[in-house]
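The values are calculated or read from the model by the stated rules, or taken from the named source; none is laboratory data. Please read these numbers as outputs of a predicted model, since none were measured by experiment. Note that each Cβ is placed from the backbone with ideal geometry, even for glycine, and that neighbours are counted across all protein chains shown. For the accessible areas, the whole protein counts, side chains as well, though only heavy atoms, and no ligand, DNA or RNA atoms are used. Shrake-Rupley method; radii C 1.70, N 1.55, O 1.52, S 1.80 Å.
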Amino acid sequence: MLQFPKGFYFGSATSATQSEGASAIDGKGKNIWDIWFEQEPEKFHDRIGPKEASGFYTQYREDIRLLKETGHNSCRISISWSRMFPTGDGELNPLAAAHYHNVIDAFHEEGIEVMINLFHFDMPAELQKQGGWESDHVVDAYVEYARTCFSLYGKKVRHWFTFNEPIVHVECGYLNGFHYPCRHDMKAAVQVAYHTALASARAVQAFHAMCDGKIGIILNLTPNYPSSQAKEDVEASRIAELFSARSFLDPAVFGVYPKELVELLKEHMLLPDYEEHELAVIKENTVDFLGVNYYQPIRVKAKETPVDPAAMITPESFYDFYEMPNRRINPYRGWEIYPKGMY
């Protein structure tokens, strides 16, 4: 039988809102998914919402035993910010604090190392009303939430993540209208992305001041391929990668934004509001390790038609998508299957 190398983590990953259910008990406050389900339940698969999910909140011991039976030695979960702090800041919910202690202990009793992610798209509803990730105050509230989690669980958990796939709540929430708050606003999307990167760096800073162990970020990285080696197609691919990958990868790993991306945003008057001391925090607090989620590549070509000067500038103002002939497709997602993209 083939064996994993020593030290190899074989596990699963999920998020609080996707798995816990119990969204209206034990003092949990609402997050944006609770609000969205109330408003548009038809947008959710089989109208299954946050109150149900997969029931991990109440049946976590049984689920963890099943993980053990299937050979898992690790699992990444997230903590629900609005369960810990029902309004996003203010008083800590003691029932939530005790619950996550119990969950961590249950993993350890089965010999499974638990890794914790702090944010998986689930902004507390009250903080969303205050501007969400567009707001400086929300960045401060997130850092205080992170500090609380480090204080409570930092001696039990060695591996932490600040965010899962932060480009998703930027693109889906503020650019393409796929997730709540369903906006189409490039300027807001850039501000949300910047504040998320700043919040991540500040959480890394707090972690290293409080805990041993390692802290990283999880990015869904989409390698970009030009349709040809023509200069215009290669340039389109380079710009696509600035937005889709390097906008979070560079500040998280190198501590600085790509110069080309900054210049592009400045040219189109899309730079976020920022302070110089914040850039220093990003520079000095890069991640210890990187989580990579890979789904599909992005294939692009040069724009074939001029961009309407009156239209809102978006990443797709600089390239068109390209479908490679004979590509393999996941029929359930409509995504290209391209294993080499991992490399």
When you check Ala199 against the structure, is it open to solvent by less than 20 Å² (accessible area, probe 1.4 Å) and more than 30 Å from Thr305 (Cβ to Cβ), yes or no?
yes
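Only one of Gly71, Gly29, Gly88 is modelled with pLDDT under 95 and more than 25 Å from Arg333 (Cβ to Cβ); which?
Gly71
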Matching residues, the range 169-189, being open to solvent by 20 Å² or more (accessible area, probe 1.4 Å) and either among the β-branched types (Val, Ile, Thr) or in contact with a Gly (Cβ under 7 Å, 6 or more places away or on another chain) (or both)
His179, Tyr180, Pro181, Arg183, His184
Taking into account only those residues within the range 219-246 that are touching a residue at least 40 places away in the same chain (Cβ under 8 Å) and assigned to a loop (DSSP other than H, G, I, E, B), which is farthest from the chain's Cα centre (by Cα)?
Ala230
Residues that are under 21 Å from the mean Cα position of the chain (by Cα), open to solvent by 20 Å² or more (accessible area, probe 1.4 Å), small (Gly, Ala, Ser) and modelled with pLDDT of 95 or more: does the range 36-53 have at least one?
yes
Which one is nearest to His169 (Cα to Cα) among residues in the range 1-47 that are assigned to a helix (DSSP H, G or I) and basic (Lys, Arg)?
Lys43
Across the range 229-277, which residue is farthest from Lys303 (Cα to Cα) among those that are out of contact with any Phe, Trp or Tyr (no Cβ under 8 Å at 6 or more places or on another chain) and among the polar types (S, T, N, Q)?
Ser244
Checking Phe243 against (1) surrounded by fewer than 22 Cβ atoms within 10 Å (Cβ to Cβ); (2) in contact with a helix residue (DSSP H, G or I) (Cβ under 6 Å, 6 or more places away or on another chain), which single condition isn't satisfied?
(1)
Residues of the range 302-342 being closer than 21 Å to Arg238 by Cβ, more than 27 Å from the chain's Cα centre (by Cα) and surrounded by 10 or more Cβ atoms within 10 Å (Cβ to Cβ), which ones?
Ala302, Lys303, Val307, Met324
